[in-house]
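Q: Before anything else, here's the structure in question.
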Amino acid sequence: MDELQFKKTVAENIAHYRKAAGLTQGALADKINYTDKSVSKWERAEGLPDVYVLNEMAEIFGISLTELVNGEKSEATAKNVKKLSVKKKIIPLLSAGIVWLAAAVIFVGLEIAFDTFFTDIKIREWLVFIYAIPISFIVLTVFACIWHGMAARCVAVSGIIWGLFVSIILSVPANKIYLTVIIAAIFQVMTILWFYMRYRSRLPKAREKETAAENGTEGG
């Protein structure tokens, strides 16, 4: 296999397994600290990522490096990639579901306890479901940091902020609610700015890699 054919084979395999994993070019680029321009170039066989990047992509797809650069695209492997992609979506949701199951158990327990033993005390048992919102987003944030890119992490952290905001709003006196709005809004702006700075700080490095690759100092 000559170099041109090898580039074409790798290009087809990257596109094949990326789509099987349910990733856009931008999402894949985010995971490997490159830009979507690089991924697009690789998939057009106009360049070739170095071995380290190829290995990173193979790990993301859940396949071996050999399978990624092999001339044959295995449908069985593609199905496994799809299964892994589905697991990465289902497992976080199931974990968050456990939080809501625990909230439901606590809610039922409180209902029974206060209806049976503390009938003269009035509490808002339903608040346990409100408190479950930020807790479930904490769980989702953990998985977003492990498996997903910057955008998913930003959304998950924003969920924590606004989940806490709603929890506080429903727990504090009405005349103090405006304070929680101010705090939540400030935290939201800080979160967006922080993730934006992280994203911007990665762009120069990604562009340096692209330039190096174009100059032939990296494979491709």
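The values are calculated or read from the model by the stated rules, or taken from the named source; none is laboratory data. Worth saying up front: this structure is predicted, and the values here are computed from it rather than measured. Note that each Cβ is placed from the backbone with ideal geometry, even for glycine, and that neighbours are counted across all protein chains shown.
Q: Would you please name the residue that is surrounded by the most Cβ atoms within 10 Å (Cβ to Cβ), looking only at residues in the stretch 29-75 that are touching a Gly at 6+ places or on another chain (Cβ under 9 Å) and under 21 Å from Val86 (Cβ atoms)?
A: Selected residue: Asp30.
Q: Next up: With respect to Val69, is the statement that it is of a type outside the set (Asp, Glu) and touching a residue at least 24 places away in the same chain (Cβ under 8 Å) true?
A: On the way: of a type outside the set (Asp, Glu): yes; touching a residue at least 24 places away in the same chain (Cβ under 8 Å): yes.
The answer is yes for Val69.
Q: Taking Leu54, is it within 20 Å of Glu3 (Cα to Cα) and modelled with pLDDT of 85 or more?
A: On the way: within 20 Å of Glu3 (Cα to Cα): yes; modelled with pLDDT of 85 or more: yes.
The answer is yes for Leu54.
Q: For the list (1) of a type outside the set (Asp, Glu); (2) closer than 22 Å to Asp30 by Cα; (3) at pLDDT below 70; (4) assigned to a helix (DSSP H, G or I), I need the number of the one condition that Gly219 fails.
A: Every listed condition holds for Gly219 apart from (4).
Q: Moving on. What pairs can you find where one residue is in the stretch 93-113 and in a helix (DSSP H, G or I), the other is among the small types (Gly, Ala, Ser), and their Cβ atoms are less than 8 Å apart, with a gap of 6+ or different chains?
A: Within 8 Å, the pairs are Ala96/Ser136; Val99/Ala132; Val99/Ser136; Trp100/Ala132; Trp100/Ser136; Ala102/Ala132; Ala103/Ala132.
Q: Follow-up. With (1) surrounded by fewer than 19 Cβ atoms within 10 Å (Cβ to Cβ); (2) touching a Cys at 6+ places or on another chain (Cβ under 9 Å) as the list, and Ala156 as the residue in question, which single condition is left unmet?
A: Going through (1) surrounded by fewer than 19 Cβ atoms within 10 Å (Cβ to Cβ); (2) touching a Cys at 6+ places or on another chain (Cβ under 9 Å) one by one, Ala156 breaks only (1).
Q: Let me spell it out: the conditions are (1) crowded, with 19+ Cβ neighbours inside 10 Å; (2) under 30 Å from Ala132 (Cβ atoms); (3) hydrophobic (A, V, I, L, M, F, W, C), and Leu101 meets all of them except one. Which number is the exception?
A: With respect to (1) crowded, with 19+ Cβ neighbours inside 10 Å; (2) under 30 Å from Ala132 (Cβ atoms); (3) hydrophobic (A, V, I, L, M, F, W, C), Leu101 is out only on (1).
Residue by residue, here is whether (1) over 16 Å from Ala78 (Cβ atoms); (2) free of Cβ contacts under 8 Å to residues at least 40 places away in the same chain; (3) among the hydroxyl-bearing types (Ser, Thr, Tyr) holds:
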| site | (1), (2), (3) |
| --- | --- |
| Gln5 | yes, yes, no |
| Asn13 | no, no, no |
| Arg18 | no, no, no |
| Gly22 | no, no, no |
| Ala29 | yes, no, no |
| Trp42 | yes, no, no |
| Asp50 | yes, no, no |
| Glu56 | yes, yes, no |
